[in-house]
Amino acid sequence: MAVRPPRFTAIPSIPQQGLTDWQFSTLNAMKENIELLTGARGANAAAATALTRGSVTVANPPAQTMTQVTATGAGFTISGTNVPSLDDYVKLVSNVQQLANDVATLRSVVNALINQLKG
């Protein structure tokens, strides 16, 4: 989705009469910084342009699917060796897959956000 950049009003030139040297220098520096942040100054203005709320369009991630572990640790002791029950093992595999899917979803949202922030 394309986002239109914000529009900013141009800052008029600073008058050279009626100001002390420090006032003129300060106002010129502020004007230049604002023009850099708004993308209105120089050929490489995009690199210094500030982000605005409207320029970030990444949607919130969906709700997490795995909210708690359903495996309980149930198992048996066979010949002195502890082994999980098949039902509990299947639950654990499902939990791990849900967690992996949640992590993949969050990674895609974070990557989209990083790409938007980089411009």
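So the values come out like this:
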{"read-out": "Listed residue (119, 61, 104) projecting farthest to the positive dipole end of the chain, Cβ model", "value": "119"}
{"read-out": "Zone residues, the stretch 47-65, relative to residue 34, backbone N less than 16 Å from point 7 Å out along Cα-to-Cβ", "value": "50"}
{"read-out": "Residue with peak Gaussian network fluctuation, the chain [Cα springs, cutoff 10 Å], from 34, 14, 78", "value": "78"}
{"read-out": "Estimated FRET transfer efficiency when R0 is 30 angstrom, pair residue 8-residue 97 (beta carbons, to 0.05)", "value": "0.05"}
{"read-out": "Distance (nanometres) between label positions extended 7 Å along Cα→Cβ at residue 65 and residue 110", "value": "1.9 nm"}
{"read-out": "Largest-first ellipsoid semi-axes for the stretch 58-119, taking √(5λ) over the Cα gyration tensor eigenvalues, angstrom", "value": "38, 10, 6"}
{"read-out": "As computed over the chain, the Cα convex hull volume per residue (Å³)", "value": "179 Å³"}
{"read-out": "Net charge contributed by nearby residues that have their C-beta within less than 13 Å of residue 11 (K/R +1, D/E -1)", "value": "0"}
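Just so you know, all these numbers are worked out from the coordinates, no wet-lab data involved. All of these numbers come straight from a predicted model, not from anything done at the bench. Note that we place each Cβ from the backbone using ideal geometry, even for glycine, and neighbour counts take in every protein chain shown.
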